[in-house]
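Here, each number is a calculation from the coordinates, and none is a lab measurement. For clarity, every value in this text was computed on a predicted model and none was experimentally measured. Neighbour counts run over all protein chains shown; Cβ positions are idealised from the backbone, glycine included.
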Amino acid sequence: MRQVVVVGGGIAGASAAWFLTRAGRTDIEVTVLEGAPSLGGKLRTVELAGIPVDTGAEAMLNRRPEAVELAREVGLAEAVRYPATTSAAVWSRAAIRPLPGGTVMGIPAERALVEPSGVLSDEALARIATEPEVPGSGLDDDVSIGRYATQRLGREIVDRLIEPLLGGVYAGHADDLSLQATVPQLMPYLREDPSLVHAAVRARAAAPSSDVPVFAGLDGGVGQLVPAVARASGARIRTDTTVRELRRTTTGWELVTGPTRAPELVRADAVVLACPARPTGRLLGSIAPSVAADLAGIEYASMATIALAFPADAFPGRLAGSGFLVPPVEGRVIKAATYSSQKWGWLGERGAGTVIVRCSVGRHREEADLQRDDDELVQAARADLAAAVGVSGPPIAAHVQRWGGALPQYAVGHRERVARIRAGVAAHPGLALAGAAYDGLGIPACVASARQAATQVLAALPTPGTMTA
Ligand SMILES: Cc1cc2nc3c(=O)[nH]c(=O)nc-3n(C[C@H](O)[C@H](O)[C@H](O)COP(=O)(O)OP(=O)(O)OC[C@H]3O[C@@H](n4cnc5c(N)ncnc54)[C@H](O)[C@@H]3O)c2cc1C
């Protein structure tokens, strides 16, 4: 039997195991090695006041098929749910205001769609109409989305529209993030015409109109997905098994796990590395040093989620919508709040009389808030919620989940970096990479990267009938 070892038991690793075992190859055995005591990575569900609450990812993009299709295939079809409300808000200029419509990741396409929210001053609104006249030429290279937008649209639009939306996805800063990697749909237009507003108009017009809900979740929590995928794959799963070293042998690969004094060697014919960029880089240090250097250059934002359970009467009225984003310029501790009980009908029903609100804290290179202990974080989140939506009294239960190295930062030049990494790895047949560090950090993108990695390693393992002597 050929041995394929997958390192990392998050959604990318579990999906890689699924695609490997589903290929119908009877000559292959798949093993997943996960360093943590349980599978899941950034997908995790905990019980709070007796209600399952996701402390990592809580929604799967539904307009891309990969994640929801996988959930259905591994037995979770009955659990797929769509948000009960999708209207989001921004806490800006001392009020909770509707999230402006008509933007692409905060880049406005039309003044008339942005104006009613009251998020922007008249001066900033006027910049939307004049931006196409700002001189410039088509973009050949990647640029920082924040700097480019500041130059053309002014700082207020970056601070109050682009930052909160990007911050919600990457926990990063617009000035550091790549335009090409974070809003790839704008790039073809920006090559011809430097106007961000024109590009946003064209990208919106090109996006197929659809009644399909944008996001989906799972009744009982998205945290169920990884164990379900791993189980359905039939792969051998080993938790508490950190891979410390990867070596090339004359016939394949050797992975080193176990304590340094009593190392265990795991032999493999092919390997999928489905762990974050840093550990992947360390494992490739001696095999592909330039790939390892590129991987080491992918920075991560750390963050925490603070899930709070309140009695329903702690709020002055019914919460409206699914939650709010907070622009960094507001100077608050929390950067977003999700009204989980409102957003997910199943969660509201299971916790009748209890309102779950999930706050997130922490941005790239801004870790001071994360140094507070759990009680302080809960107090800070509660104080921000009191100011934003008037919650009174302490929560009846709270859960703080810290995510060190939570989200990869797609910095300027990310796409080129990933192309170099992939070219370097292609020189080693039987080795493939998967996960959030490369072509998208959402769950569907991680599943897609796993499928690609599985295809690559299977191609490198000839079926017995095609083996040459
Ligand atoms: C708070 C939060 C909220 C998010 N919300 C959403 C959302 O709503 N929707 C969405 O689509 N995405 C969301 N994301 C992003 C998404 O969850 C992640 O990008 C994705 O889950 C990453 O999956 P992965 O398998 O690539 O990596 P990970 O989940 O990081 O899994 C990698 C695994 O590798 C293991 N590992 C590392 N090194 C080793 C080693 N040497 N040996 C063995 N094992 C190792 C780790 O323990 C880990 O389990 C969110 C992320 C966070 C942090």
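When the charge dipole of the stretch 99-206 is built from unit charges on Cβ atoms (+1 for Lys and Arg, -1 for Asp and Glu) and taken about the Cα centre, the candidate among TYR170, PRO135, ALA205 whose Cα reaches farthest toward its positive end is ALA205.
Each other residue within a Cβ distance under 14 Å of PRO429 adds +1 if Lys or Arg and -1 if Asp or Glu, for a net charge of +2. Under the convention that each Lys and Arg Cβ holds +1 and each Asp and Glu Cβ holds -1, the size of the dipole of the stretch 300-408 around its Cα centre is about 320 debye. Rounded to the nearest 20, the Cβ-based charge dipole of the stretch 197-301 about its Cα centre (Lys and Arg +1, Asp and Glu -1) stands at 200 debye.
Counting only Cβ charges, +1 for Lys and Arg and -1 for Asp and Glu, the dipole size of the stretch 1-121 around its Cα centre is about 300 debye.
Could you compute the FRET efficiency for ALA296 and ARG365, with r as their C-beta to C-beta distance and R0 at 22 Å, rounded to 0.05?
That gives a FRET efficiency of 0.85.
Assign one of three labels to the stretch 300-408, namely rounded, prolate or oblate, based on the Cα gyration tensor with a ≥ b ≥ c the square roots of its eigenvalues; rounded applies when a/c is under 1.5, prolate when it is not and a/b is larger than b/c, and oblate otherwise. Prolate. Sorting 102-112, 13-23 by average packing, meaning the other beta carbons within 10 Å per residue, from highest down gives 13-23, 102-112. Its alpha carbons give the stretch 99-206 an Rg and a Dmax of 12.4, 35 Å. If R0 is 45 Å, the Cβ-Cβ spacing of ALA207 and ALA23 corresponds to a FRET efficiency of close to 0.85. Charge tally around ALA301: other residues with Cβ under 15 Å, Lys/Arg +1 each, Asp/Glu -1 each, net -1.
Computed over neighbours whose Cβ is under 11 Å from that of PRO213, the net charge equals +1, Lys and Arg +1, Asp and Glu -1.
For the stretch 22-149, the Stokes-Einstein estimate of translational diffusion at 10 °C and a viscosity of 1.306 mPa s comes to 79 µm²/s, using the Kirkwood hydrodynamic radius over alpha-carbon pairs. With both labels modelled 7 Å from their Cα along Cα-to-Cβ, the GLU254 to ALA84 distance reads 5.7 nm. The fraction of all Cα pairs in the chain landing in successive 20 Å bins from 0 to the largest distance is 23, 54, 21, 1, given as whole percents.
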